[in-house]
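The numbers here are math on the coordinates, done by the rules we state, and not lab data. Keep in mind that what you see is a predicted model, and the values were worked out from it rather than measured. Cβ sites come from the backbone with ideal geometry, for glycine too, and all protein chains shown count toward neighbours.
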Amino acid sequence: MTDSRFHKQHDSISLAKIYELLSVSLPTGVDKDRLFTNVSTLKDGGASSIALYHNTKYRAEASTTHVGLCITSEATAAHIAKGVIILVHPKPQRAYALIAQHLYPTPTAKSFIHPTAVIAPTAALGEGCSIGAYVVIGDNVELGAGVAIESHTVIHDNVKIGKNGRISSHVTISHSIVGDRVMIKPGTHIGQQGFGFHMDEAGHFDVPQLGIVIIGNDVQIGANACIDRGSLDNTIIGNGVRIDNLVQIAHNVYIGDQSVIVAQAGIAGSSHLGRFVIVAGQVGIAGHLNIGNGVKIAAQSGLMRDVTDGDTVAGSPAIPVRDWHKQTIALQRLIREKKHAK
Amino acid sequence: MTDSRFHKQHDSISLAKIYELLSVSLPTGVDKDRLFTNVSTLKDGGASSIALYHNTKYRAEASTTHVGLCITSEATAAHIAKGVIILVHPKPQRAYALIAQHLYPTPTAKSFIHPTAVIAPTAALGEGCSIGAYVVIGDNVELGAGVAIESHTVIHDNVKIGKNGRISSHVTISHSIVGDRVMIKPGTHIGQQGFGFHMDEAGHFDVPQLGIVIIGNDVQIGANACIDRGSLDNTIIGNGVRIDNLVQIAHNVYIGDQSVIVAQAGIAGSSHLGRFVIVAGQVGIAGHLNIGNGVKIAAQSGLMRDVTDGDTVAGSPAIPVRDWHKQTIALQRLIREKKHAK
Amino acid sequence: MTDSRFHKQHDSISLAKIYELLSVSLPTGVDKDRLFTNVSTLKDGGASSIALYHNTKYRAEASTTHVGLCITSEATAAHIAKGVIILVHPKPQRAYALIAQHLYPTPTAKSFIHPTAVIAPTAALGEGCSIGAYVVIGDNVELGAGVAIESHTVIHDNVKIGKNGRISSHVTISHSIVGDRVMIKPGTHIGQQGFGFHMDEAGHFDVPQLGIVIIGNDVQIGANACIDRGSLDNTIIGNGVRIDNLVQIAHNVYIGDQSVIVAQAGIAGSSHLGRFVIVAGQVGIAGHLNIGNGVKIAAQSGLMRDVTDGDTVAGSPAIPVRDWHKQTIALQRLIREKKHAK
């Protein structure tokens, strides 16, 4: 059950409306005016709750649930307790998300500028922006319509942010051009000077970091992440990319559209990721690599070589996932053999 | 030796008082009024210093130390230089900590509200709170008595923090209920929207994140850590849990009482950890796993399966620690065999 | 090409001046007055661009580049397209950096104190300091001449920062003595209480963290990094050390001069690193280890033992890099053998 202090609910929704929103025809023998008031887990919900069941890890909960309505797939519908209205959908997760968004619409920030915000006179703010307490906005910054910037965030000189951006607290953005509908969670820093230096017998010396960061539309970036600006080429984050918490993106990295970078992964300088790449948690990608479209990289992998389109890799150093599974089995065999040898 | 500019010292302590505080009977032939003025390492201390010796890595230092008093265990007492008063205690670390706390009491924040703090009129602050410069406190926030919030921290609407909380600078807390005596170090973000979306051929779509974060009593959370709120279930941090710097806790994670999560570890969504679990540094735990009570997970391990109560695991993928040791040895043998084969 | 909105260019530079700055004699048959206006990649530059070519991964780009001048090494000069002026230098990266620094000088912060800064009357600021909006500076803080502190940063009581420090936004520094010319990127926290507690059947108990952090001269620290203060000994960062984003340095760690710690690496308590050590990305170093001078640690390695001067190690647990390569090859053979066995 959701906590109404933190999540304001729109109103209840009728069974007929749910089926209509999902373009599914209402089954016979159900009360089309029955009202549902919340989304819930299979375990916690009651007669007016809507739940999702798609992960068979939760089969036991599905078979004993008391929710009123369960959204599920054809393959898993049979697991659900009697008495529950079962809504079968080809994409049950998407269907659930749509209903949840309807019941709990994202609160929109009111248009206002907190009197403590320090905004350069040369900055241009679009209509309906919302600027929190202690925000600092530099010279020539351009914010599109409807941008919301939460308290304590710093937008440095010349940065542009497209319309409807949602920038949380304690963020800094410098040397960057940001697209529309970009969400940045708290504590993330974008555009700072990268780790750009060389080392020889005479010591370390800095290489000027002369690029910027370009972020596409519909990007979401987690909390306490770091995206360094390019050293000469730019650091580029494609449209629809999702970046999780504590991720490190070094200078000159290119991330293709719709790719997903899970928490604590790190991508070293000048590596190029294609579209729809999935980088799982704590992965490390060395510098100057080419990772093709649709590549999947298992958690904690360490990539030291290019990966071609569509491949799945695992391990450190990363190898094709099939070989990695064989390696894991071979290692287990090795332990057993040594046991017998004793 | 401690630097008195940064660590204010209470006063000196007599030998009799030390033994009394630790409930150990004073040995014969010592001057019970002898005064000690500081705690120190074995190497740096002098006649008025108190040191701890419990890690045999420092045996050489113990045998040549010039400290006046050394707190140690029965097993290690014989390593200590002649002339040092030796205080044998069954829990030497705890004994040392008690004496150090006595000599250097934690400074308590004065009750005050900095004039630059932005506090919603509907927020309720308990007695004796201390609110630093540029702190932002939202609507309906409730702070217990004696809560200290350092400069620049943001507490979002409806958050509750129990008594005697110590929240450092540049922290954000939203969608959370926090217990008593909770310490949060700088730069940590709690309660933000998690990495909750799905992906299909039609692209990514957000799943509303409708849970909260519930933090128990006596919890300590390090710097630059991230704890996302639940997606529907809540993210729960049990009583007495210790979380180190740069740790990632995803939505719906449950961490049982007294568990310890070391730096840079990451726990993926919906995993459940029991009580007294130890997660070492840089460990990754996949989503939807059950980790039993008292489980120990070695540094850099990658968990992909459930772990039963009391087990110790290591490796990526993680296996029982005994097998992991055997695997390490078998791999070394494999290298040597290949050498001979050449 | 650099974006002139974000990177102000000094002026153009003549060929003669470039050769003079690098102490290389001008070749015959070139126009010594020819002007260059920017640095660029091999791919993007034109006749007035200066590029660096040193990494043979970019050989194809070198052979077709249209830049006017290319700085390179003797070994790689032959790869470069006809018509390009080739400047051979024994240290091409250093030569490129020098020219780039000349063309794009680092902007210097103007001396000013923002009216919103909260500065304790007992703090002592050197000449020419620059203090941003909402900065908080505590009692008895000492800043050397020319220190620039960006908005929202908090310097706690008694901290000293040497001359010409550059501290970005959202940083906190407490319990620390910082040298000259130190750069700290946004979101980094230094001097907080470390993960110092012990655990026994009676529960966790805190050990007072009574040391400080001492940072040498010419140190650079990345974004969202954490450096905890010592527990009794101090945490020490030597001269010229470079620390990347999201790095964890625990209490009592010692890092020798000129060492380099790449992103997301973590060093546990009381470990001692020598001079010129290179710790690659996502490395974990256990506590109480001795890592010699000039040691190189490959990415994602996990160190559990001391390493002697000059060694290179890899793997988790880390082993000499030669053995690690052999192990990788042996594992591949193992997979193939199992395949044949079927």
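Structural remarks
- Counting other Cβ atoms within 10 Å as a rough exposure proxy, the listed residues C:Thr328, B:Thr64, A:Thr2 run B:Thr64, C:Thr328, A:Thr2 from fewest neighbours to most.
- 10 Å Cβ shell holding at most 13 others, DSSP loop, GluC sites (Glu not before Pro): longest site-free stretch of chain B: B:202-342
- Among residues other than A:Thr106 with Cβ under 11 Å from its Cβ, the summed charge is +1 (Lys and Arg +1, Asp and Glu -1).
- Annotation: the antiparallel percentage among DSSP beta bridges lying fully within the protein assembly as shown is about 10.
- Radius of gyration (Cα atoms) of the stretch A:96-219, expressed as a multiple of 2.2 N^0.38 Å: 1.25.
- For the pair C:Ala145 and A:Ala77, label points projected 7 Å from Cα toward Cβ lie 8.1 nm apart.
- Rh by Kirkwood over Cα pairs, then Stokes-Einstein D for the protein assembly as shown at 1.002 mPa s and 20 °C, µm²/s: 71
- Cα-based shape type of the stretch C:257-339, given that a ≥ b ≥ c are square roots of the gyration tensor eigenvalues and the cut on a/c is 1.5: prolate
- Fraction of antiparallel bridges per DSSP, chain A only, in percent to nearest 5: 10
- Using a Gaussian network model of chain A in which every pair of alpha carbons under 10 angstrom is joined by a spring, one finds that among A:Ala286, A:Ala223, A:Ala60 the greatest mean-square fluctuation is at A:Ala60.
- Computed over the stretch A:171-322, the percent of Cα pairs more than 27 Å apart is 18.
- Remark: spin-label model distance B:Ser12-A:Asn290 equals 7.4 nm, labels positioned 7 Å along the Cα→Cβ axis.
- Residue-wise HN-Hα couplings along the stretch C:54-59, as the Karplus relation 6.51 cos²θ - 1.76 cosθ + 1.60 with θ = phi - 60° gives them from phi, are 9, 9, 5, 4, 9, 4 Hz; Gly and Pro carry x.
- Taking C:Lys296, C:Lys82, C:Lys185 in turn, the Gaussian network model of chain C (Cα-Cα springs below 10 Å) assigns the largest fluctuation to C:Lys82.
- Both radii were evaluated on the Cα set of the stretch C:13-103; the Rg over Rh quotient, with Rh as the Kirkwood radius, amounts to 0.91.
- The stretch A:264-296 and the stretch C:1-44: distance between their alpha carbon centers, rounded to Å: 34
- Copy-to-copy label distances for A:His66, where each label lies 7 Å from Cα along Cα-to-Cβ, are 7.4, 7.4 nm in order of increasing length.
- When only alpha carbons are used to place a centre, the stretch C:90-114 and the stretch A:118-168 end up 29 Å from one another.
- Across the copies of the chain, A:His325 has label points (7 Å from Cα along Cα→Cβ) spaced 3.2, 3.2 nm apart, shortest distance listed first.
- With both labels modelled 7 Å from their Cα along Cα-to-Cβ, the C:Arg305 to C:Val30 distance reads 5.2 nm.
- A compact globular protein would have a Cα radius of gyration near 2.2 N^0.38 Å; the ratio found for the stretch A:254-294 is 1.01.
- For the stretch A:296-341, the pair-distance distribution built from all alpha carbon pairs, in bins 10 Å wide starting at 0, is 28, 42, 20, 9, 1 percent.
- Gyration tensor (alpha-carbon) shape descriptor, chain B, a/c threshold 1.5: oblate
- Once the convex hull of all Cα atoms in the stretch B:1-160 is built, its volume per residue stands at 152 Å³.
- Over chain B: helical MRE at 222 nm, DSSP H runs n ≥ 4 each giving -39500 (n - 2.57), nearest 500: -4000 deg cm²/dmol
- Between identical copies, the spacing of C:Lys43 label points, each set 7 Å from Cα toward the C-beta atom, reads 5.0, 5.0 nm from nearest to farthest.
- Violating pairs (Cα-Cα greater than 21 angstrom) within the set A:Lys326/B:Lys296; A:Lys160/A:Lys296; B:Lys17/B:Lys91: A:Lys326/B:Lys296; A:Lys160/A:Lys296
- Ranking of B:His152, C:His7 by count of other Cβ atoms within 10 Å, fewest first: C:His7, B:His152
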